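The values are calculated or read from the model by the stated rules, or taken from the named source; none is laboratory data. Given the structure is predicted, the values throughout are model-derived calculations rather than measurements. As a convention, Cβ positions derive from the backbone with ideal geometry for all residues, glycine included, and neighbour counts pool all protein chains shown. These area figures cover heavy atoms from the full protein model, side chains too; ligands, DNA and RNA do not enter into them. Shrake-Rupley method; radii C 1.70, N 1.55, O 1.52, S 1.80 Å.
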Amino acid sequence: MARDAPAEGAFARPSWVAVERAAGELRRGLPVLLTGAGETACLVAAAETLSEAILAEIEAAAGAPADVLLTAERARTLKIRLYTGAVVALP
């Protein structure tokens, strides 16, 4: 199976490597910074591995309280009202 070519230069990391590394970091309980187009960014951590210390660091870095994001499927399971189709954000 072919993998994505490096985006820039001969030594740039393919995007699939970054995704696999981020998944591994989340499994180990470490936060991951997700970036999107422009200057959009989101610091995320897996709730099942999140400690109070890591949560405090995330909130300090963000300068605001963290939100819990649930998939629409998980929200329906928990009987939480959906206002969007993809995710539900809870303070």
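With all protein chains present, how much of the accessible area of the chain (probe radius 1.4 Å) comes from carbon and sulfur, to the nearest whole percent? Numbers along the way, then the final one.
Working: 4330 of 7360 Å².
It is 59 percent, rounded to a whole number.
Per residue, what accessible area does the chain have, given a 1.4 Å probe and all protein chains present, in Å²? Please list the in-between numbers first.
On the way: 7360 Å² over 91 residues.
Value returned for the chain: 81 Å² of accessible area per residue.
Compute the relative contact order of the stretch 27-70 as a whole-number percentage, counting only Cα pairs closer than 8 Å that sit 6 or more residues apart in sequence.
Values: 35 pairs, mean separation 13.9, N = 44.
Result for the stretch 27-70 is 32 percent.
Through the Karplus equation 6.51 cos²θ - 1.76 cosθ + 1.60, θ set to phi - 60°, convert the phi angles of the stretch 65-72 into ³J(HN,Hα) values in whole Hz; use x for Gly and Pro.
Going residue by residue, I get x, 7, 10, 9, 9, 10, 5, 4 Hz, with x marking Gly and Pro.
What is the distance, in nm, between label points placed 7 Å from the Cα along the Cα-to-Cβ direction at Val87 and at Ser51?
Simple spin-label model gives 2.4 nm for this pair.
Let me have the 222 nm mean residue ellipticity of the chain computed from DSSP H runs of 4+ only, each contributing -39500 (n - 2.57), with the sum over all residues rounded to the nearest 500. Present the calculation step by step, with values, prior to reporting the outcome.
Details: 3 runs with 30 residues, N = 91.
Rounded to the nearest 500, it is -9500 deg cm²/dmol.
Treating the angle as unsigned and between 0 and 90°, give the value, to the nearest 10°, between the Cα long axis of helix 52-62 and the longest Cα principal axis of the chain.
70
Taking the Cα-to-Cβ direction at Glu39 and at Ala18 and moving 7 Å from each Cα, how far apart do the two end points lie in nm?
Result: 1.8 nm between the two label points.
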